[in-house]
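Heads up, the thing below is written out as structure tokens.
Values in this text are rule-based calculations from the coordinates and carry no lab data. It should be emphasised that the depicted structure is a prediction, and the values quoted were computed from it without experimental measurement. When we count neighbours, we look across all protein chains shown, and the Cβ atoms used for this are built from the backbone with ideal geometry, even at glycine.
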Amino acid sequence: MGYLDNSTIVVDAVLTKQGRKLLALGQGLNISYFTLTDTGVDYSLWNPDHPSGSAYYGEAIENLPNLEALPNSAYFMRNNLLSYDRNTKLMPYVMLGTFGIGQTASYIWGDGQTAGFNLTVDLKNVTGGETVGWQLVVPDSTLISISGNWTPSSIGGNVQQFLLEQDIANAVVYDAPSTTATVTIDRVNTTTTRTLILTFISKSTGAYKHFNVTMPKYPNTTTNT
Amino acid sequence: MRIYNEVVTIFNDLTGQWDTISEDSFEYNGNDIMLAQGLPVGATPINDTDTVADTVKTTAGYFTNGDGTLTGTETYTGSLSDSNEKHYFNAVQTHPDSSSAVVQFSTTYGHILGMGSDTYGDSLSKADNLRGEVQSIYRQFTSLLLHENEQSGGFKISQQGSAGAIGSGDANGGRDDYFYALVGKRERFKDRINKKAWTIVLSGSNSSGGGTSNVLYLTDDSKYASSTATPAGPRHNIVSGALGVPTGSSPAVAYAHKTFGWFYPEMGIMLFSGNQLSASIPGNTAGTAMTASFKTDLTADKTLGFGPNLNQKGNSKNALRFINCLRHVGSGNALRLRSEEDQTQENYFCRIKAADYNFSANPTFSSGSDNKVRHVSMHGNPQTFISGVGLYNSAGHLLAVAKLSSPLKKNFASEATIKVKLTY
């Protein structure tokens, strides 16, 4: 008979820049929620052919030392762990237009073309689709405008926290209700070709998909650089 | 709004202020509305009962590299400008020419009439023509350490002992006209000097120049006697003893027999009655007419004691006598000191139930055009690996992040409690 291991895992936390800012402002931290992440884990290392059996399938992952926490550790919180029904096999994903999982979603304005375009947004592998609402992260709102059922909101929560950490001045997050199926995107004139990566996020599942937009210079009177 | 990531400051002994050496800051012009938001998907509440806050006192060796002791032979004076040497001397832990020499503490000497510094100035006969530097020191300390209604009367340390060097009925009302002080460096003592855990050993010569038996072991009596509230924080008596244990059979009232000084742990100051020290270690009588100087070999030094040179026509460097008496201890420990720091510690117990957090948004968790869980062996039995914990406030701001040393496996058959310790 051996002793049962009743130990609790103890880990040291570090404040993020946002946490330090709140302390500097004299506001309490009032920590009241936690989430878990597996950033840094690659599930392709899961080895169902391990000669020692199923207990060792995850050996390569479990034995991997983690990098230590840093004040900029918000970057480590990229992939959240989620809670679904046990028999879930298909993970939720975001469909943008005809672009599904594994496909690079993008749009390039043609030369001399300035008209906006509509993009459909859908949540797949979830019965009834999105139930809470959508978020759209625009890293530079001076280059494009968003219309439809989308309203400017704030950075945080579902949105990848690194945006808040980096204080990107022109980043804006738009919110839309769950019934929203499309977004209209218009561009501004630019003297050079500009590229933006938009991020669409499902609020109910945290699933997200990037959308690349490329804007050739317009009006076309200067040399492209 | 300016946000500071880091500010490095140094205490300016001249101005008595903290000067900024460097700062890492930036101007934040973002819209405040950008900072309010909802919570991430699946965030789990932390109950009040799962949050434990406490303040932990951490003690460490006071001296460089966390060393808790300083021997006599390690004690040197640090380099200082002439103008500063009229007020105080620094002590370093190795030869001052060494690149590793760092100031450990300072010593100073104060006299209520300025005796031991130049008070005549250009006058040949007027002893109070100038306010001497050591008079400024005395008044600086009364202003700092005493109540308003005590300041004009000066320090009355020695009079509280029945065997004290000064009786309460003396001409000056029991006042200590002069003192020696050890002033700690803030960066070394952190929040305060740890009481009950220090010893100072002073060694010097008697009035005829002999010195082998004139040794004092001093400590505080906080273990047995309650502190006195002062505007400079709690004050304890410095009495004969070691490591917080006064000598004699009645340690609780050792101060009533003989009080050598007052100890202000939160100020990092040890203030010694000059009369009391010089009664125990007077030094050669001839030395009271000499200017003190630091020497590595103090064998024949006549200023090896606390009987001060009261000359008022120059700098007598009496504060050096304190360092000399530490140095004279030799290879034994002259000082044993600890720093003390309060650390606020919050513990959050993150309880992860069996049904929670068994799937992942990690792109490698699923694959294929229908985003299926990648491994068939995980169908119906998904496995995730926790590598970190994020802590949020109710607005959804990520305020702290903890990393596990290695990923922790999680599935429907396992539960886990992760205790996240946040110290600041």
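List of remarks:
- Excluding same-chain neighbours fewer than eight residues apart, the lysines reachable from residue B:196 by a Cα-Cα span under 16 Å are B:57, B:223.
- Computed from backbone phi, the HN-Hα couplings of the stretch B:419-424 come to 8, 9, 9, 10, 10, 8 Hz, rounded to whole numbers (Karplus: 6.51 cos²θ - 1.76 cosθ + 1.60, θ = phi - 60°; Gly and Pro given as x).
- For peptide A:63-69, the mean count of partner chain Cβ atoms within 10 Å of a residue's Cβ comes to 4.
- Principal axis box of the stretch B:176-303, alpha-carbon based, largest edge first, Å: 40, 37, 26
- Exposure proxy ranking, count of Cβ atoms within 10 Å, fewest first, for A:45, B:124: B:124, A:45
- Karplus-based coupling profile of the stretch A:175-186, in residue order and whole Hz: 10, 9, x, 5, 7, 5, 10, 9, 9, 9, 10, 10, with θ = phi - 60° in 6.51 cos²θ - 1.76 cosθ + 1.60 and x standing for Gly or Pro.
- The fewest-to-most ranking of B:85, B:341, A:130, B:148 by surrounding Cβ atoms within 10 Å reads B:148, B:341, B:85, A:130.
- The stretch B:181-188 - phi-based ³J(HN,Hα) in whole Hz, Karplus 6.51/-1.76/1.60, Gly and Pro as x: 9, 9, 10, x, 8, 4, 5, 8
- Distant-in-sequence amide H partners of residue A:78 (H built 1.01 Å from N, under 5 Å): A:39
- Environment charge of residue A:36, counting only residues whose C-beta is closer than 11 Å and scoring Lys/Arg +1, Asp/Glu -1: -1
- For chain B: Kirkwood Rh in Å [reciprocal of mean 1/r, alpha carbons]: 25.6
- FRET efficiency, residue B:125 to residue B:55 (Cβ-Cβ, R0 60 Å, nearest 0.05): 0.50
- Base-10 log of normalised Debye intensity for the protein assembly as shown (one unit scatterer per alpha-carbon) at q = 0.09, 0.12 Å⁻¹: -0.84, -1.13
- Built amide H within the under 5 Å cut-off of residue A:182, gap 5+: A:121
- Counting only other chain Cβ atoms within 10 Å of each residue's Cβ, the peptide B:348-360 averages 5.
- Of all the options B:258, B:223, B:403, the one that moves most in a Gaussian network model of chain B with Cα springs shorter than 10 angstrom is B:403.
- Annotation: amide H of residue B:281 within the under-5 Å range of B:306, sequence separation 5 or more or interchain, hydrogens built in the peptide plane.
- Spatially proximal aspartates and glutamates relative to residue B:313 (Cα-Cα < 20 Å; intrachain offsets below 8 disregarded): B:82, B:85, B:118, B:122, B:128, B:133, B:177
- Cα long-axis angle, helix B:133-145 against chain B (0 to 90 degrees, to the nearest 10): 50
- Under 14 Å, Cβ to Cβ, from residue A:97 - net charge with Lys/Arg +1 and Asp/Glu -1: +1
- Reduced Cα scattering model of the stretch B:35-79, Debye log10 I(q)/I(0), q = 0.28, 0.34 Å⁻¹: -1.09, -1.16
- Order by protection proxy (mean Cβ within 10 Å, highest first), peptides B:130-143, A:176-189: B:130-143, A:176-189
- Mean Cβ neighbour count within 10 Å, used as a protection proxy, ranking B:65-76, A:53-64 highest first: B:65-76, A:53-64
- Inter-chain Cβ neighbour average for residues B:374-385, partner chain, 10 Å: 6
- Full-stretch length increase - residue B:342, residue B:140 - with 0.36 nm per residue and alpha-carbon distance subtracted: 69.9 nm
- Within straight-line cross-link reach of residue B:409, lysines at Cα separation under 23 Å, skipping those fewer than 8 residues along the same chain: A:89, B:353, B:372, B:419, B:421
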